[in-house]
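Structure, as structure tokens:
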Amino acid sequence: MYLKTKRLMVLLVLMAGIVESAWSQENATKIHTVWDKAPHNAFPDLIRFKNHFYAAIREGNNHMPDKSGQVRLLRSKDGEDWEDVGLLDLANYDVREARLSVTPEGRIMVLTAVGVYDKGYQELFPMVSFSDKSGLNFSDLTRTTMDLSSSLDWIWSLTWHKNVGYGVIYQIKEGGWETHLLKTVDGKHFEWVSQIDTGGNPNEATIRFDRKGKMYVLVRREADDQMGMIASAEFPYKDWEFSRLNIRLGGPNFLFLNKDQLVIGSRYHQPGGPKTAIFTSDLDGNFLSPMVLPSGGDTSYPGMIFHKRHLWVMYYSSHEGKSNIYLTQIPIKQLKP
């Protein structure tokens, strides 16, 4: 029985490698560069709004926070040709990793982190910008408020559900990092809901809801075993259950493929260096089919949406030299194991 099990495990690993390799080769021609104008182009997000794709990317001199960081907003009708529709910056601060959402009032909300870094963050806080209803004009950055004691604070992403926006703030503290679920109705003021206590210095987190309103949170962790986690809770989102993943995460994003499966995008740590990969998994994060995108070096942070029977993935990578923004389409039928 042991030998049969071992042979089966080896066969499954080999098959996974074949699928991964074949997928990359088949789809490589569909991957194209979206933006490469700054010395370092990274941390994209992607949404649909008024029959257009919208993207937010950080432009800077390098990956690390410095005063060069600013957020560029782009728009495209077809995903091929992109136009510049906005720039968010703040003098003497690093503006980075903007996440996009559409408010119940029909405006694009841009959620960013703004800070000062000098051998660690000296300041760090969330700021927001909103478009008008045309999606062509964006307000100046405004600092958010919350009824949670402030620290070095980062609300990494926001998801709207039944006219309420939910985001996970991570706070960098000397005794260890903490993650808390916050909610908002206007995108400017946030109220505390509960702590999501995964341990292991949790930080970047993305929220999605199933058809019945159950919340799922994909959480990156940077201490202890560093493995990612999926936290889940029913309304009012205070009593959490946790599923530990068997991979580390970086720039984690996910969508529901169907009621029983997820599509997860993340940095994928490999012996030869990090890649950006797309995984299909069950609701507990048991991965079924990894798909490695052409990528390497400084890479990850995929923005993902479903559109016309494809998963559209925007990510950044430095496999061709400097860090640039790339876009690809994956047929949904290829995601189903």
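The values are calculated or read from the model by the stated rules, or taken from the named source; none is laboratory data. The structure presented is a predicted model; accordingly, all values stated were derived computationally and were not measured. Cβ: placed from backbone, ideal geometry, glycine included. Neighbour counts: every protein chain shown. What goes into the accessible areas is simple: the full protein's heavy atoms, side chains included, and nothing from ligands, DNA or RNA. Shrake-Rupley method; radii C 1.70, N 1.55, O 1.52, S 1.80 Å.
What would the Debye equation give as log₁₀ I(q)/I(0) for the range 275-337 at q = 0.14, 0.19, 0.24, 0.29 Å⁻¹, counting only Cα atoms as equal point scatterers?
With one equal scatterer per Cα and no solvent, log10 I(q)/I(0) is -0.42, -0.73, -1.03, -1.22.
Scan the range 56-114 for GluC sites (Glu not before Pro) in coil per DSSP, keeping those whose Cβ has at most 14 other Cβ atoms within 10 Å, and list them by number.
E80, E105
Among all the lysines, which ones have a C-alpha under 16 Å from K238's C-alpha, if same-chain residues fewer than 8 places away are not counted?
Cross-link targets: K183, K214.
Report, ordered by chain and residue number, the lysines lying within cross-link reach of K333, taken as a straight Cα distance under 18 Å and ignoring same-chain residues fewer than 8 apart.
Straight-line reach from K333, under 18 Å: K30, K259, K308.
Just subtract the alpha-carbon distance of F242 and H32 from 0.36 nm times their residue separation and send over the number in nm, one decimal.
On the way: separation 210, 0.36 × 210 = 75.60 nm, distance 3.69 nm.
Separation in residues times 0.36 nm, less the Cα-Cα distance, equals 71.9 nm.
Could you let me know the centre-to-centre spacing of the range 47-61 and the range 303-334, using Cα atoms, in angstrom?
Centre-to-centre (Cα) distance: 13 Å.
How large is log10 I(q)/I(0) at q = 0.08, 0.12 Å⁻¹ when the Debye formula is applied to the Cα atoms of the chain, each weighted equally and without solvent?
Per q value, in the given order, log10 I(q)/I(0) is -0.35, -0.82.
Taking just the alpha-carbon atoms of the range 122-181, what radius of gyration and Dmax come out, in angstrom?
Using the Cα atoms of the range 122-181, the pair Rg, Dmax is 13.7, 45 Å.
Out of the trypsin sites (Lys or Arg not before Pro) in the range 288-337, which ones are loop residues according to DSSP with at most 10 other C-beta atoms within 10 Å? Write out the running numbers ahead of the final one.
Values: sites: K308, R309, K322, K333; in loops: K308, R309, K322.
The qualifying sites are K308, R309.
For the chain, what does the accessible surface come to per residue with a 1.4 Å probe? Please give it in Å². Kindly include the intermediate steps, with their values, before the conclusion.
Details: 15280 Å² over 337 residues.
Accessible area per residue, the chain: 45 Å².
How far is the Cα center of the range 92-166 from the Cα center of the range 209-274, in Å?
Centre-to-centre distance over Cα atoms comes out at 21 Å.
So for the range 153-201, what percent of the C-alpha to C-alpha distances run longer than 15 Å? Intermediate values should be presented prior to the final figure.
Values: 497 of 1176 pairs.
When all Cα pairs of the range 153-201 are counted, 42 percent exceed 15 Å.
Within straight cross-link reach of K133, meaning Cα distance under 21 Å, which lysines are found once same-chain residues fewer than 8 apart are removed?
Partners within reach: K50, K77, K162, K188.
Shape call for the range 46-174 from the C-alpha gyration tensor, a ≥ b ≥ c root eigenvalues: rounded (a/c under 1.5), prolate (a/b greater than b/c) or oblate? Can you show the working numbers first?
Working: a/c = 2.25, a/b = 1.34, b/c = 1.68.
Since a/c reaches 1.5 but b/c is at least a/b, the shape of the range 46-174 is classed as oblate.
Using a simple spin-label model with points 7 Å from Cα along the Cα→Cβ vector, what separation in nm is obtained for N163 and F306?
Output for this residue pair reads 2.6 nm.
Of all accessible surface on the chain at a 1.4 Å probe, what whole percent is carbon and sulfur? Before the final figure, lay out the partial values.
Working: 7750 of 15280 Å².
On the chain, the fraction of accessible area on carbon and sulfur atoms equals 51 percent.
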